[in-house]
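In what follows, a structure is listed as structure tokens, so that the remarks can point back to it.
The values are calculated or read from the model by the stated rules, or taken from the named source; none is laboratory data. Because the structure is a prediction, the values reported are computed rather than measured. Don't worry about glycine lacking a Cβ; one is built from the backbone with ideal geometry, like all the others, and counts go over all protein chains shown.
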Amino acid sequence: MTRRIAICIAATAFALSAIPGAQAQGRLGLLPQGEYVCALPGSATGAAWEELPAHNFAITGASSYRTDKGSGTYLLEGKRVTFTRGPMKGHRMMLLSSGLLQEMDRNGKLGRLRCHRAGPIAS
């Protein structure tokens with residue numbers, strides 16, 4: 001009987017220790033569908049934004065995207081977006097608000113490139 005109690009306590013402790021790790025990853029989600037336009041911030045003496053059309057993409061469906069170079073998939077965990085397949089594989093972004101993303105480096109530091117949802121998917 002004592003052994004059964006010890007096993008139950010150990011199993012419960014193990015299960016509870018796994019919960020914070022799972023919560024740290026964040027909930028899985030989907031980005032709003034549509035065309036995303038990417039740009040760098042401009043300067044006080046020039047244009048407010050410097051659009052970079054080569055970085056633009058479209059979210060086409062459940063965890064899918066496309067670019068001029070092909071299509072692929074992404075994973076949204078909490079606020080972190082990781083492009084997992086296709087031409088943007090390995091690229092990471094942070095979801096700042098609905099339809100606004102900012103690039104992240106490998107250490108999680110936010111970069112200068114920002115992409116915003118500009119409208120529905122173009123035909």
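Name every residue in the stretch 79-123 that is in contact (Cβ under 8 Å) with a residue 24 or more places away in the chain, out of contact with any Asp or Glu (no Cβ under 9 Å at 6 or more places or on another chain) and charged (D, E, K, R), in order of residue number. Give the derivation first.
So in the stretch 79-123, the residues in contact (Cβ under 8 Å) with a residue 24 or more places away in the chain come out as 79-81, 88, 95, 98-99, 101, 104, 112-122.
Then drop every residue that is not out of contact with any Asp or Glu (no Cβ under 9 Å at 6 or more places or on another chain), which leaves 79-81, 88, 95, 98-99, 101, 104, 116.
Within the stretch 79-123, LYS79, ARG80 qualify.
Which of the residues belonging to the stretch 59-107 are at pLDDT below 95 and part of a strand (DSSP E or B)?
Of everything in the stretch 59-107, those that are at pLDDT below 95 and part of a strand (DSSP E or B) turn out to be GLY61, SER97.
Of all residues in the stretch 24-72 being exposed (fewer than 12 other Cβ atoms within 10 Å of the Cβ) and among the hydroxyl-bearing types (Ser, Thr, Tyr), which is nearest to LYS89 (Cα to Cα)?
Out of the qualifying residues, it is SER43.
Checking PRO41 against (1) within 19 Å of GLY86 (Cβ to Cβ); (2) of a type outside the set (S, T, N, Q); (3) in contact with a strand residue (DSSP E or B) (Cβ under 9 Å, 6 or more places away or on another chain), only one condition comes out false. Which one?
(1)
Look through GLY86, GLY90, GLY119, GLY99 and report the one residue that is at positive phi and crowded, with 17+ Cβ neighbours inside 10 Å.
Step by step, each of GLY86, GLY90, GLY119, GLY99 is checked, and only GLY86 is at positive phi and crowded, with 17+ Cβ neighbours inside 10 Å.
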